[in-house]
1. With a 1.4 Å probe and all protein chains kept in place, how do Ile24, Ile50 rank by accessible area, largest first?
2. Quantify, in whole percent, the carbon and sulfur part of the accessible surface of segment 1-75 (1.4 Å probe; protein heavy atoms only).
3. Can you compute the modelled spin-label distance between Leu107 and Ala133, with each label point 7 Å from Cα toward Cβ, in nm?
4. Checking the cross-link filter: which lysines have an alpha carbon closer than 21 Å to that of Lys17, excluding same-chain neighbours under 8 positions apart?
5. With every protein chain in place, what's the accessible area of Trp124 (1.4 Å probe, Å², nearest 10)?
6. Suppose R0 equals 22 Å; then what is the FRET efficiency for Ile50 and Tyr82 from their Cβ-Cβ distance, rounded to the nearest 0.05?
7. Using DSSP to call loops (not H, G, I, E or B), can you name the GluC sites (Glu not before Pro) in segment 28-105 whose Cβ has at most 11 other Cβ atoms within 10 angstrom?
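The values are calculated or read from the model by the stated rules, or taken from the named source; none is laboratory data. These numbers come from a predicted model, not from an experiment. As a convention, Cβ positions derive from the backbone with ideal geometry for all residues, glycine included, and neighbour counts pool all protein chains shown. Surface areas here come from the heavy atoms of the whole protein model, side chains and all, with no ligands, DNA or RNA. Shrake-Rupley method; radii C 1.70, N 1.55, O 1.52, S 1.80 Å.
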Amino acid sequence: MSWDGSHLHGFAFERGKSKTPILIGPPSRDSMFDTLPEQGELVIDWLGKIAKQCLYTYDYGDDWDHTVLLEKVLPADPKATYPLRLDGKRACPPDDIGGIWGYYGFLDSLKDPKNERYEEALEWVGEDFDPEAFDPGSVSFSGAADPFAPWEDEDEDDDDEDDEDDLSLD
């Protein structure tokens, strides 16, 4: 299970005393700030030069925030494939779960086979889903194949008719 990069997302770097962050992400018509295109920028070019950490947000509606911290730069290993994920915690929540509160409700339903949404939640992630497990091999550094994918159906989805089918378990 993973996030597929189809939601708005970006890296935000504080720059000194300025209140305006530097943003790296997919092109957006709706951003309040100028955004540098993610296809033309490497996060490592900003980490350590402008800041030792940044905030990565995936899905601006659900607000999955992650602090990315540069702890140390090691010599390059010619046999390694970069970028390299070293560590992490817990499984990736399902995409479109409804943010942290929807995820908590989802986890509650998985713990209780008598919960009215148990079968639906189990069908979504499968019987082998372990929210405490982290598999570094499952982490992908590729984004959406089409950087405009998050907005292709934007005008068509304004009525939100299918919201009742979402499993956001709030």
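1. Descending accessible area places them as Ile50, Ile24.
2. On the way: 2790 of 5130 Å².
Carbon and sulfur: 54 percent of the exposed surface of segment 1-75.
3. 1.7 nm
4. Lys49, Lys52
5. Counting only protein heavy atoms, Trp124 exposes about 90 Å² to solvent.
6. Numbers: r = 20 Å, r/R0 = 0.93.
In this case the efficiency is close to 0.60.
7. Numbers: sites: Glu38, Glu41, Glu71; in loops: Glu41, Glu71.
When the GluC sites (Glu not before Pro) of segment 28-105 are filtered for loop state and at most 11 Cβ neighbours within 10 Å, Glu71 remain.
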